[in-house]
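What follows is a single structure, written as structure tokens, with notes after it.
The values are calculated or read from the model by the stated rules, or taken from the named source; none is laboratory data. Quick caveat, the model's predicted, so the values are computed rather than measured. All Cβ positions, glycine included, derive from the backbone under ideal geometry; neighbour counts span all protein chains shown.
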Amino acid sequence: MNIDFMRKVNELDYRLDSQPKPEISLVLISESVLAGAVASVTFSSIPQNFKSLILQFQLRSSATAEVDINLVRFNADTGANYDHISVQFQSVGTSIAVSRAATSIRAGICEAANSRASNWSPTAIIIPGYSKADREKWLQQFSSAAFGNVSADTDLLIWLNAGRWRSANAITSITVLPNTGPNYVADGILQLYGLA
Amino acid sequence: MQKLTIDIQANKKEYVDLTQKEEAERLGQTNAGLQEAAAQKEKELTREQAIERLKVSASQEVKDLLAVLGIDTTGEIKKAAD
């Protein structure tokens, strides 16, 4: 093999190595399994070094109903500083709900006491730019739920939601709580990820 | 009633009793949620339940209009005339 050829191969290797490589990493910041019933779960002292946060959970409410709604607040703000719009899909059609100047964001749906015991339908929430102090914060959420014993087509539901916090403060804590509850029951799982 | 706080920097989980103020807020939230759920259930009346309700509350004029649509508010649903 001649020397010129080997030199060209080496140059090509060097050029390929020096190209910037796309890097996306998802870091598990915190995970929690509920040891008992709780009225709310708060992630506090959230690190500020990620581009986005992803919050994923499988929770059940103690409400005497088939389903309950998850509420989200940032930085323990209980004021009327939240807006949200949601679309709910069922086999019979869709419905849209909007709320402005609410005291929390409605972030999806979960099973409750009158739903099949093994149902723990998931919710995922993404919060882009959560640490930036120059813009109000938005979340986008996707969740689903199964009513009762899933004995009818209408017992399955998908819930999409966009929510807004009227604050440009960096998000340092996130609280999740049931709308009716009053508790989330034991064995619920929550995971908070950072997207770098 | 307790709340769970997960302090990420301190790597600490803490179950703390709600304060009285938080308990009161929580109770208010729960009651509002129950009322909302009941209102939602109201919207989900079955056809039979709706007819039962109409038998009690509808005016004669409404009952007459329903009869035109093939709904007998005495409890029977008439077979729609083809």
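For the range A:104-115, name all the residues that are outside any strand (DSSP E or B) and touching a strand residue (DSSP E or B) at 6+ places or on another chain (Cβ under 7 Å).
A:104, A:112, A:115
Step by step: first the residues of the range A:57-68, then only those that are touching a Pro at 6+ places or on another chain (Cβ under 7 Å) and more than 26 Å from residue A:25 (Cβ to Cβ), then the one that is surrounded by the fewest Cβ atoms within 10 Å (Cβ to Cβ). Which residue is that?
Ranking the candidates gives A:62 first.
Out of the residues in the range A:35-56 that are facing chain B (nearest Cβ under 7 Å) and aliphatic (A, V, I, L, M), which is surrounded by the fewest Cβ atoms within 10 Å (Cβ to Cβ)?
A:41
One line per residue, one yes/no per condition, for (1) exposed (fewer than 15 other Cβ atoms within 10 Å of the Cβ); (2) touching a residue at least 40 places away in the same chain (Cβ under 8 Å); (3) in a strand (DSSP E or B):
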| position | (1), (2), (3) |
| --- | --- |
| A:130 | no, yes, no |
| A:133 | yes, no, no |
| A:138 | no, no, yes |
| A:150 | yes, no, no |
| A:164 | no, yes, yes |
| A:168 | yes, no, no |
| A:172 | no, yes, no |
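Being surrounded by 15 or more Cβ atoms within 10 Å (Cβ to Cβ), within 14 Å of chain B (Cβ to nearest Cβ) and not in a loop (DSSP other than H, G, I, E, B) is the filter here; which residues of the range A:177-196 pass it?
Passing the criteria: A:177, A:178, A:184, A:190, A:191, A:192, A:193, A:194.
Quick check, is residue A:79 of a type in the set (Gly, Ala, Ser), at pLDDT below 95 and surrounded by fewer than 19 Cβ atoms within 10 Å (Cβ to Cβ)?
No.
Across the range A:58-77, what is the total count of residues that are within 12 Å of another protein chain (Cβ to nearest Cβ) and either within 19 Å of the chain's Cα centre (by Cα) or in a strand (DSSP E or B) (or both)?
Final tally of qualifying residues: 9.
Going by the structure shown, is residue B:48 in a helix (DSSP H, G or I), among the acidic types (Asp, Glu) and either under 30 Å from residue A:47 (Cα atoms) or modelled with pLDDT of 75 or more (or both)? Talk me through it step by step, then tell me what you get.
Values: in a helix (DSSP H, G or I): yes; among the acidic types (Asp, Glu): yes; either under 30 Å from residue A:47 (Cα atoms) or modelled with pLDDT of 75 or more (or both): no.
Taking the combined requirement at face value, the residue does not satisfy it.
Considering only the range A:23-34, state which residues are in a strand (DSSP E or B) and more than 7 Å from chain B (Cβ to nearest Cβ).
Pass one, the range A:23-34, residues in a strand (DSSP E or B): A:26-33.
Scanning the range A:23-34 gives A:26, A:27, A:28, A:31, A:33.
Given (1) in contact with a Phe, Trp or Tyr (Cβ under 7 Å, 6 or more places away or on another chain); (2) farther than 17 Å from residue A:125 by Cα; (3) at pLDDT below 95; (4) not aromatic (Phe, Trp, Tyr), where does residue A:10 come up short, assuming only one miss?
Result: residue A:10 passes all but (1).
Can you spot a residue in the range A:162-176 that is of a type outside the set (A, V, I, L, M), more than 10 Å from every other protein chain (Cβ to nearest Cβ) and closer than 16 Å to residue A:68 by Cβ?
Within the range A:162-176, not a single residue is of a type outside the set (A, V, I, L, M), more than 10 Å from every other protein chain (Cβ to nearest Cβ) and closer than 16 Å to residue A:68 by Cβ.
Only one of these is under 30 Å from residue B:16 (Cβ atoms) and touching a His at 6+ places or on another chain (Cβ under 8 Å): A:163, A:181. Name it. So that I can check it myself, show each step before the final result.
On the way: A:181 fails: touching a His at 6+ places or on another chain (Cβ under 8 Å).
Criteria check complete, one pass: A:163.
Residues in the range B:2-19: is at least one more than 9 Å from chain A (Cβ to nearest Cβ) and over 26 Å from residue A:190 (Cβ atoms)?
For the range B:2-19, residues more than 9 Å from chain A (Cβ to nearest Cβ) and over 26 Å from residue A:190 (Cβ atoms): absent.
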